[in-house]
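Asks: Take a look at this one; I'll ask things after.
The values are calculated or read from the model by the stated rules, or taken from the named source; none is laboratory data. Every value quoted in this text rests on a predicted model; they were computed, and no experiment measured them. So basically every Cβ, Gly included, is an ideal-geometry build from the backbone, and we count neighbours across all protein chains shown.
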Amino acid sequence: MSAKWLFLIPFAAYVFPGVFLANRVEPFVMGMPFFYFWSCLWILLTSVTIWLVYRLEQR
Amino acid sequence: MALFVIFLYLAVVLVVGVAARVKGRFSLAEYLVAGRALGFFLIYFLLVGDIYSGFAFLGAGGWAYKYGAPVFFIPAYAAIAYMMLYILGPKIWYFGKKHGFVTEPDFFVARYDSKFLGLLTAIIGVIFIIPYLQLQIMAGGLIFNAASYGAISQKLGMVIAFVVAGIYVYTSGLRGIAWTNVIQAVVMIVAALAGVFYIIPKLFGGLGPMFQELAQKSPQHLTLPGAKGTMGYSWFFSVTVLSGLGFWMWPHLFQNNYAASSDKEIKRSAFIAPLYTYLIMVTATLGFGAVLKLKLSNPDLSVMEMIKLAAPAWFVGLVGAGGLAAAMSTADTLTLNPAGLIGKNIYRDLINPRAEDSKVAKITQTLTLPLLVISLLFALFAPKLLVKLLLVGYSGITQMFPGVLLGLFWRRVTKAGIIAGLLVGEVTAIWMLLAKVKTLFGISFHAGFWGLILNFAVVIVVSLLTKPPREEVLKDFELA
């Protein structure tokens, strides 16, 4: 199975259905309201996911 | 002092952009796709430089100020766009190199064995790019005006900035754009980092206190459906998916893939690229801060005005240069691209098929000038004329997505299917947007997203009802 299916994880977490859970003000994380924090987190984790797919496909 | 910093930046960009020109081997592939020779460093800045446009610089702050959390659709669609880059980019690059493509319509002509589809996609590209170019020019002028504390009018700012961009696009083509994108990225990153680590702490004592205050005074800014109460889940979902899938369908972004020296460079760019989106979060953050500090008649100025509240003039100049960089690094590709579409897909493919490559290259180069001048004139004298087209922009461009995706992965897709789907998608999107139809079948998805769904459905049905493509074409695209 293609490693590219891992791309569904950021999509699920950030867009659908993740946004239903993330769309909240509380709890604050490191001074950031939750939805803002969630966006910052998934920018990083999308990067990590693409890197992981790249590594898996290199092998 | 602010003016000095901006002019210094413009001078550096001009020198580097013109110097990037490769002497001696002037060809269409050299001019439009930098001879397919850009390594990791340049291809990275080329691929990310366009997402952070002048609109994003002003607009992300403006959106955060005006609507609040709906602005997070930008990092969300960027995440989808960069995953799509990893999936589509290497294939677009591979077939581009194999068959010598230099534009997006080139792909359609070869894959669907149809010069008509080449013409259709070239026209769609030009129609939606010109208003987008005009928007970048106007954003550039607005930033110039604000950063110079009004010393340079918006109109004069537009002319100065885009004469500079016009010169290096004309002389150096995509190579000039790639090199200037590096400088522009550095200026933007410095400006943005300073924004977060200097401006916010100085005005609020840190990110935490700022958001605590916002959560008390205007909590609706921090969640969907936003401060205006109009952007809920179905809006967020459909706009994010529409923009994420449509991103690489913009002809200028599609063909940047051709410029890479190998598919590996595209893949490596794809996993570093999302980090660039933090710049959007920075401008959005300043916009959130502006809710507490400023009463603005033009929300697009929230970033510049926040900086002015806390920083000395030279720094305002630097941020202005950063914003100008964002607008120029998008506008330059938007000038080059329609010239290529007209030169290659209309002049070469349809009017004069036997024209030599160097002649097509020369015509393309010459076309950049009238295209920039026309857009500049629209921006100066009729700024509102093309606004409606802009509203349709992403929705119109994304309708090319089924043609690219299915063209790469499904052997059964046919020319008739793609043409029918494209027309249904465009008509649906444009009709819903212009007639202000908010829901279809009771679901309030964005107009362009509805267009895309119907487009896919029509492509699949019509393809299955029409004769499969020739075996030679399928062999060319390794689907046989």
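Asks: Within the bounds of segment B:380-393, is there any residue that is within 18 Å of the chain's Cα centre (by Cα) and aromatic (F, W, Y)?
Replies: Scanning segment B:380-393 turns up no residue that is within 18 Å of the chain's Cα centre (by Cα) and aromatic (F, W, Y).
Asks: Now a separate question. Can you tell me which of (1) under 20 Å from B:Y258 (Cβ atoms); (2) in a helix (DSSP H, G or I) is the one B:V102 doesn't meet?
Replies: (2)
Asks: Taking the residues in segment B:177-219 that are surrounded by fewer than 14 Cβ atoms within 10 Å (Cβ to Cβ) and under 23 Å from the mean Cα position of the chain (by Cα) as candidates, determine which candidate is nearest to A:P27 (Cα to Cα).
Replies: Residue satisfying both the conditions and the ranking: B:L193.
Asks: Then there's this: For segment B:139-149, name all the residues that are surrounded by fewer than 23 Cβ atoms within 10 Å (Cβ to Cβ) and either in contact (Cβ under 8 Å) with a residue 60 or more places away in the chain or touching a strand residue (DSSP E or B) at 6+ places or on another chain (Cβ under 9 Å) (or both).
Replies: Hits for segment B:139-149 are B:L142, B:S148, B:Y149.
Asks: Return the residues of segment B:58-83 that are out of contact with any Ser or Thr (no Cβ under 6 Å at 6 or more places or on another chain) and within 26 Å of B:R268 (Cβ to Cβ); say none if nothing qualifies.
Replies: B:I74, B:I80, B:A81, B:Y82, B:M83 - these are the residues of segment B:58-83 that are out of contact with any Ser or Thr (no Cβ under 6 Å at 6 or more places or on another chain) and within 26 Å of B:R268 (Cβ to Cβ).
Asks: Separate question: Looking at B:G100, B:G39, B:G96, B:G59, which is the one that is in contact (Cβ under 8 Å) with a residue 40 or more places away in the chain and closer than 27 Å to B:L135 by Cβ?
Replies: Sole residue among the options that is in contact (Cβ under 8 Å) with a residue 40 or more places away in the chain and closer than 27 Å to B:L135 by Cβ: B:G59.
Asks: Could you look through segment B:226-257, keep only residues that are within 14 Å of chain A (Cβ to nearest Cβ), crowded, with 23+ Cβ neighbours inside 10 Å and polar (S, T, N, Q), and pick out the one that is farthest from B:D106 (Cα to Cα)?
Replies: That would be B:T240.
Asks: While we're on this one: Quickly run through segment B:258-275 and pick out the residues that are touching a residue at least 12 places away in the same chain (Cβ under 8 Å), over 21 Å from B:R175 (Cβ atoms) and surrounded by fewer than 24 Cβ atoms within 10 Å (Cβ to Cβ).
Replies: If the condition is that a residue be touching a residue at least 12 places away in the same chain (Cβ under 8 Å), over 21 Å from B:R175 (Cβ atoms) and surrounded by fewer than 24 Cβ atoms within 10 Å (Cβ to Cβ), then B:K267, B:F271, B:I272 are the ones that fit.
Asks: I'm trying to understand the selection: among the residues of segment B:77-104, which are aromatic (F, W, Y) and facing another protein chain (nearest Cβ under 9 Å)?
Replies: Selection gives B:Y77, B:Y82, B:Y86.
Asks: Among residues belonging to segment B:57-76 that are more than 14 Å from chain A (Cβ to nearest Cβ) and small (G, A, S), point out the one that is nearest to A:F34 (Cα to Cα).
Replies: The residue in question is B:G61.
Asks: Kindly evaluate B:L464 against the criterion of being at pLDDT 95 or above and over 23 Å from the mean Cα position of the chain (by Cα). Quick ask: steps written out before the conclusion?
Replies: Values: at pLDDT 95 or above: yes; over 23 Å from the mean Cα position of the chain (by Cα): yes.
The answer is yes for B:L464.
Asks: Moving on to the next point. If the Cβ limit is 8 Å and pairs must be 6+ apart or interchain, which residue in segment B:219-233 that is under 19 Å from B:L286 (Cβ atoms) pairs with which residue that is modelled with pLDDT under 95 and basic (K, R)?
Replies: Pairs that qualify, where the first residue is under 19 Å from B:L286 (Cβ atoms) and the partner is modelled with pLDDT under 95 and basic (K, R), are B:A227/B:K66.
Asks: Next question, about the same structure. Determine whether segment B:115-125 contains at least one residue that is hydroxyl-bearing (S, T, Y), touching a helix residue (DSSP H, G or I) at 6+ places or on another chain (Cβ under 8 Å) and more than 15 Å from B:L350 (Cα to Cα).
Replies: no
Asks: Here are some conditions: (1) closer than 19 Å to B:A227 by Cα; (2) at pLDDT below 95. A:F16 meets all but one. Which one does it not meet?
Replies: Checking A:F16 against (1) closer than 19 Å to B:A227 by Cα; (2) at pLDDT below 95, the one that fails is (1).
Asks: Related question: Give the residues of segment A:3-56 that are more than 8 Å from chain B (Cβ to nearest Cβ), in contact (Cβ under 8 Å) with a residue 12 or more places away in the chain and either farther than 26 Å from B:L214 by Cβ or not in a helix (DSSP H, G or I) (or both), sorted by residue number.
Replies: Within segment A:3-56, A:A3, A:L6, A:I9, A:L52, A:L56 meet the criteria.
Asks: Identify the single condition in (1) within 14 Å of B:D332 (Cα to Cα); (2) crowded, with 22+ Cβ neighbours inside 10 Å that B:L10 does not satisfy, given that it satisfies every other one.
Replies: The number of the failed condition is (2).
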